[in-house]
Amino acid sequence: MRLRLSKDHGFSLVETLVATFIFALIAAMSVALLTSYQSSRVALGDADARLAQLEVARNILRDDYFAAINRPVRDEFGGVLLAFEAGQHMADGRRQRLVRSGDLGARLSGTVSEVKRVELLVSDNKLLRRTYSRSDLVQGTQFLDQTLLEGVAQLTVRYAVDGVWIAEWGTTVAASSLPRLAELSVEFESGQRAQMMFIVGAS
């Protein structure tokens, strides 16, 4: 009785190479999909954080603009400043100054004036809200900076009065009054843009 040897001795070299190539291709596609998924998660997280930051900033600015009053203030040297001034002509990174009333903390404490001086600045790619311990400054008046937005590349402001938009407030005949509307356009380092519009003054 003769025994026949099977000719099936396993995979050939070509078959092994093809299988390895297919496996490597599937693995590469899986890595690409996982990387894309992770990048999308990070991007969505950043977008959510940016939206939350924008919403908080919008609420703070809305309250400031709505409570703005036409009350001139004094600087630390005794000079009189307009109640509302804004634009690129302002120094030291400032983009806007306004005087507002109705500060709830001051009203509850009863120890300081309800009138507050508020400034907007752009510094180190941040939009800052600066408030002073008193509206009329003296030498050494303390202030507090609050970061409203981060990653700011550029801030553009303009203001409406009688249907006319003005970029520089404080250098025109209208500067003795308050604007009707304020528009802030923010360009972020990421290339994204945000635009916000507010009513100025409760009246």
*Most exposed first by the Cβ proxy, i.e. fewest other Cβ within 10 Å, how do Phe198, Phe66 rank?*
Phe66, Phe198
*Extending each Cα 7 Å along its Cβ direction at Ala28 and Ala167, get the distance between those two points in nm, one decimal.*
5.1
_List the residues, sorted by chain then number, that are 5 or more residues from Leu81 or on another chain and whose placed amide H is less than 5 Å from its amide H._
Val73, Arg74, Asp75
*Quick one: Ser12, Ser185, fewest Cβ neighbours within 10 Å first, how do they rank?*
Ser12, Ser185
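For a protection proxy built on the mean count of beta-carbon atoms within 10 angstrom, sort 118-124, 188-194, 75-81 highest first, please.
The densest-packed peptide leads the list: 118-124, 188-194, 75-81.
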*Which whole-Hz couplings ³J(HN,Hα) result when phi for each residue of segment 183-198 is put into the Karplus expression 6.51 cos²θ - 1.76 cosθ + 1.60, θ = phi - 60°, listed in order with x for Gly and Pro?*
10, 10, 10, 10, 10, 8, 4, 6, x, 6, 10, 9, 10, 10, 10, 9
*Can you list the residues, at least 5 places off or on another chain, whose amide H is less than 5 Å from the amide H of Arg95, using H built in the peptide plane?*
Leu120, Leu121, Val122
*Per the Debye formula with a single identical scatterer at each Cα and no solvent contribution, what log10 I(q)/I(0) holds for segment 112-188 at q = 0.26 Å⁻¹?*
-1.12
*Where labels lie 7 Å past Cα in the beta-carbon direction, separation of Ser133 and Gln38 in nm*: 5.0
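By counting other Cβ atoms within 10 Å of each Cβ, how are Ile166, Ile26, Ile199 ranked from fewest to most?
Numbers: Ile166 18, Ile26 10, Ile199 14.
Going from least to most buried by this count: Ile26, Ile199, Ile166.
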*Mind jotting down a quarter of the surface of the convex hull over the alpha carbons of segment 62-199, in square nanometres, one decimal?*
8.5
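Please work out how much length the chain gains when fully extended from Arg62 to Arg180, using 0.36 nm per residue of separation minus the C-alpha to C-alpha distance, in nm with one decimal. Spell out each step's value before the answer.
Details: separation 118, 0.36 × 118 = 42.48 nm, distance 1.30 nm.
Full extension of this stretch gives 41.2 nm more.
Read-outs throughout are calculated quantities, based only on the coordinates presented, and are distinct from any laboratory measurement. Being a predicted model, the structure only gives us computed values, none of them experimental. Here Cβ is always computed from backbone atoms with ideal geometry, including for glycine, and neighbour counts include all displayed protein chains.
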